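Structure, as structure tokens:
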Amino acid sequence: MLHIKFHKLKNFYVQIFLSFLFLPLIITNSAFCGQVITDEARQWAKQAMAQEHTIQQTDGKKTIAVLYFKNKTGMAELNPLQKGLAFMLITDLSTVRDLHVVERVKMQALMEEMGLGQSGLVASDDTPETGRLLGAKWIVGGDIQSLAQVPLYIHSSLLDVPDAQVLGQPTAEGILDNFFEIEKTLLFNIIDLLKVELTQEERIRLERPISLNTKALLDLFKAIDASDQGDYEQAEQYYKSAIKKDAQIYTVKANLMELKSLGIASTRTNESVQLLQSVRDQTSLTDAVVPSLTTKRTQIPEGDRIPITLDVPVPPLGTPAVN
């Protein structure tokens, strides 16, 4: 285990040297929680589609895939929530030790291979087949609605892929300014339906929001979508805008570093040093070890997010979800 304490080094050039010395480790960890659709992910999607008719049923591992949500509000400005809500759920579920979570980039690559355009992978009659392609035991997805009495209403379905049965339909509601609370309510309802027992440490960690600033979250979601479309310059700008709105927003600095490490960002040298410092502060260099399951690559460093107390009630484990 490395015990180098960068903050005690006073010589600037030594800092630069050590930053580049550990660049491969940082890049490895950045790629581990990255959002760029790589050639590797696209190759996986091609192979999955080529073997579509020979793929056996999932082997029963506790693997869950979170599909994009469909915006049914009629308000185009809420479109970023479609991928954004899925991203938030994937990020949180990936920290639960008893779950394996399908990477968002693999899902996006499969979407492209299936020729779905911007519609994305959403819950439909083909959901069981999609689950088999993704190697998932469970799939969750749903709709984003706006009701007369509720500005934002999320209605989702949790499907058991092997049995092709709906386990439940967790819901959440609230206002856009408190979108992080909506996601947390949905998250804990999903975990309850899966009958996953959380440790106290896991529950506290899951209560930490990616950001309390909805405008910063929207910029993050837009950046992810721009990256998916190959517009990395626009993605970079959205990431930077998100940081301006919330300097502590989770994953954004690492995502910027990912763009830089892949040579697809315009980040200047002095900015790169600052990003290396920020990424180093937010991640453990020892986390660079490749996990045994590539489906679970998004990790949340301890202390990276602000603990909160949700105003919305979180039902205890085993409580049926509200239909």
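Counting only residues that are modelled with pLDDT under 80 and either out of contact with any helix residue (DSSP H, G or I) (no Cβ under 6 Å at 6 or more places or on another chain) or more than 19 Å from Val166 (Cα to Cα) (or both), segment 115-142 holds 17 of them. Of the residues making up segment 182-226, those that are over 30 Å from Gln165 (Cα atoms), among the acidic types (Asp, Glu) and touching a residue at least 60 places away in the same chain (Cβ under 8 Å) number 1. Of the residues Thr185, Thr214, Thr171, the single one that is touching an Asp or Glu at 6+ places or on another chain (Cβ under 7 Å) and modelled with pLDDT of 95 or more is Thr214.
Glu207 meets all of the listed conditions (1) closer than 18 Å to Thr91 by Cα; (2) out of contact with any Lys or Arg (no Cβ under 9 Å at 6 or more places or on another chain) but one, namely (2). Residue count for segment 98-115 under the criterion of being touching a Leu at 6+ places or on another chain (Cβ under 9 Å) and either surrounded by fewer than 23 Cβ atoms within 10 Å (Cβ to Cβ) or assigned to a helix (DSSP H, G or I) (or both): the result is 9. Taken together, the criteria exclude Asp219 from residues that are modelled with pLDDT under 95 and within 17 Å of Leu81 (Cβ to Cβ). For segment 47-74, filtered to residues that are loosely packed, with under 14 Cβ neighbours inside 10 Å and over 14 Å from Leu134 (Cβ atoms), the residue that is modelled with the lowest pLDDT is Gly60.
The values are calculated or read from the model by the stated rules, or taken from the named source; none is laboratory data. Keep in mind it's a predicted model, so treat the numbers as computed, not measured. No Cβ is skipped: glycine too gets one built from the backbone with ideal geometry, and neighbour counts run over all protein chains shown.
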